[in-house]
Amino acid sequence: MPATHEVTNQVPAPYGHDVAEDPTLLAALHRAGAGWAEPELHELGVLAGSEQAAEWGRLANENPPVLRTHDRWGHRIDEVEFHPYWHELMRVAVGHGLHAAPWRDDRPGAHTARAAKFHVWSQVEAGHTCPISMTYAAVPALRATPALAEPLEPLLASREYDFGLREPHAKRGLIAGMSMTEKQGGSDVRANTTTATPQPDGTYRLTGHKWFTSAPMSDLFLTLAQAPGGLSCFMLPRVLPDGGRNRLLLQRLKDKLGNKSNASAEIEYDGAVGWLVGEEGRGVRTIIEMVNMTRLDCTIGAAAGMRYGTLRAVHHATHRRAFGAALIDQPLMRNVLADLVVESEAATAVAMRLAEATDRALGGDENEVLVRRLGLAVAKYWVCKRGPAHAAEALECLGGNGYVEESGMPRLYREAPLVSIWEGSGNVAALDALRAMARGPETVEALLGELDLAAGADHRLDAAVAALRKQLGDTTEVEYRTRRLVESMALAFQGALLVRHGDPAVADAFCASRLGGDHGAAFGTLPVGVDTAAVLGRVRL
């Protein structure tokens, strides 16, 4: 019997490429003096572009974690079971130092190298990068109490993934988590009601309910609780030094929009044992070191999602034909795809610049401390805010195929809003930028100094920076106008980086559309005259 149809005009599988072949990413790596990391980055990139890694990510999401509160005999065990491929993803991430490894690496640009690897590997699967990011971020907070940090830091930085419930010091490697928000306060952590009662042995007993704790299977957590001296930061291990389980009781796992592979739980602290990190009453100041690092990873993660969506859209349009021609050769589709590339490269450029600022700030460069303080709040707001719209447009480039789970685009679409919410939603991030400017006006001058490095290179950028200076000088209704102000700062920051370091065609398209005003509200409204061929030439599988 003859076949009912022959399969034609379908796009080949998007595998077998090196995800690290990203010109913006590689250029940023070398500018930061981290070119030594390129061989390992490409090794990771080849794995990230493989069908095997894609299957790990798919199955880890289609088989989400399961909470086991009790064993068959009724004993509390508070365990989370994961698909085996979750552990493969974690093993690769830890093995390549995407977690806390840079804190023990004296090579130049260690944090930038780590950021580049995080960008590449995040494109495989985003959920498992949550505990990876928190482990990275835990180290600077723990350093507020050297007696705690010194024995734990080598284990947090270890490149061995050692999953299992054991006393932390007896393991080959550790994963850290963060447990701050409560149901009555959310981002307003000063409203937390969890209490911490000092004990004669120097520990504290914590009692309370945490509303949202990601990666509850981590080996230890940093958390906030009300001590006698005020809101304070504490370190809680899951297993105590005597081998007994700490009283961290998992109540339920959250059923989330996306991020399905990663467990997020409500936790009850029932007299849990904790160790003070930093000083009593300075909990926010202590844990903000952790938050700043995870905010950097939110920005990198959003940029990685844009890169993934752009690659998939361009790949589809290259191989799919409609109305007598390949989609990528049709003018309107070229406009859309080029616009996606421009947004993606701008996001990557600013994320990697902030990773470089992290390296330089840790090296003692005071100006980079200031650039990072304001630049990170600005980029966290804007890049993460752009992610969902970018994901939606990339999905649409695949048409109905993009709406089907097999394409991987629905998972990207569901994942995209997370980083705009995690570590402070849009308003929190924007207000953090306003707070940085109010408390440290020198941060504004440092960021403007960064923009001035591109002065005279593009008249549209010059005009945007001049308009920004005028906005900064207007203090009327400033809180009401904060989003617009922060958006203007982010666009000028991205524009300056692209003009100085980016591909000329990409920089021209960005300045013409984002700064020049000749642009519609949707993606795919780049003005006439943009060299879309040069822009698209930077993105091919």
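No lab work stands behind these numbers, since they all come straight from the coordinates. Predicted model only: the values in this text are computed from it and were never measured. Cβ coordinates were reconstructed from backbone atoms using ideal geometry, including for glycine residues, and neighbour counts include every protein chain displayed.
Each of the chymotrypsin sites (Phe, Trp or Tyr not before Pro) that DSSP puts in a loop and that has at most 10 other Cβ atoms within 10 Å breaks the chain; the longest unbroken stretch is 74-322.
Scanning the chain for DSSP H helices at least 27 Å long along the axis (C-alpha atoms) with a Kyte-Doolittle mean no lower than 0.0 picks out 283-319, 331-362, 366-397, 482-501.
Considering the options I175, H209, P198, tell which one lies farthest towards the positive end of the dipole of region 171-215, charges being +1 on Lys and Arg and -1 on Asp and Glu at the Cβ, about the Cα centre. Result: I175, furthest along the dipole toward the positive end.
Candidates V506, G324, S488 compared by Cα position along the dipole of region 285-536: farthest toward the positive end lies G324, with charges placed on Cβ.
The modelled label-to-label distance for the pair R190/E366, using points 7 Å beyond Cα in the direction of Cβ, is 2.8 nm.
Note on the chain: Cα-Cα pairs beyond 37 Å make up 30% of the total pair count.
Restricting region 416-501 to GluC sites (Glu not before Pro) that sit in a DSSP loop and have at most 16 other Cβ atoms within 10 Å of their own Cβ leaves E477, E479.
Using +1 on the beta carbon of Lys and Arg, -1 on that of Asp and Glu, and nothing else charged, what's the dipole of region 1-67 about the Cα centre, debye to 20? Working shown, then result.
Values: 2 positive and 10 negative charges, 34 e Å.
Dipole about the Cα centre, nearest 20: 160 debye.
Semi-axis lengths, largest first, of the ellipsoid equivalent to region 23-281 are 31, 22, 16 Å, with √(5λ) applied to each eigenvalue of the Cα gyration tensor. Compared with the direct C-alpha span, the chain from R104 to H5 gains 29.7 nm at full extension, assuming 0.36 nm per residue.
Of the trypsin sites (Lys or Arg not before Pro) found in region 42-114, those that fall in a DSSP loop while having at most 11 other beta-carbon atoms within 10 Å are R72.
Please give the net charge around G49, taking every other residue with its beta carbon less than 10 angstrom from that of G49, where Lys and Arg add +1 and Asp and Glu add -1. Please report the intermediate quantities before stating the final value.
Numbers: positive: none; negative: D18, E21, E51.
That works out to -3.
Cα centroid separation, region 289-334 to region 154-169: 35 Å.
Extension gain for the segment R245 to R481, taken as residue separation times 0.36 nm less the Cα-Cα distance, is 80.0 nm to one decimal. Its Cα centre serving as origin, region 23-281 has a Cβ charge dipole (Lys and Arg +1, Asp and Glu -1) of approximately 260 debye. Computed over Cα pairs, the Kirkwood radius of region 1-74 leads via Stokes-Einstein (0.890 mPa s, 25 °C) to a diffusion coefficient of 148 µm² per second.
Suppose the chain between E81 and D531 were pulled fully straight at 0.36 nm per residue; how much longer would it get relative to their current alpha carbon spacing?
On the way: separation 450, 0.36 × 450 = 162.00 nm, distance 5.04 nm.
So the chain would gain 157.0 nm between E81 and D531.
Hey, for a label at H501 modelled as a point 7 Å past Cα toward Cβ, could you say which residues of region 350-387 have their backbone N under 12 Å away? Hits in region 350-387 for H501 at 12 Å: 350-360.
Order these by the 10 Å Cβ neighbour count, fewest first: K256, K210. Can you show the working numbers first?
Working: K256 17, K210 26.
Neighbour counts put them in this order, fewest first: K256, K210.
What the Cβ-Cβ distance of A325 and K470 gives, at R0 = 60 Å and to the nearest 0.05, is a FRET efficiency of 0.80. Calculated on the Cα set of region 285-536, radius of gyration then Dmax: 18.3, 61 Å.
For region 112-237, the direction-averaged projected area of the alpha-carbon convex hull comes to 8.8 nm². Magnitude of the charge dipole for the chain, about its Cα centre and with charges confined to Cβ atoms of Lys, Arg (+1) and Asp, Glu (-1), is about 820 debye.
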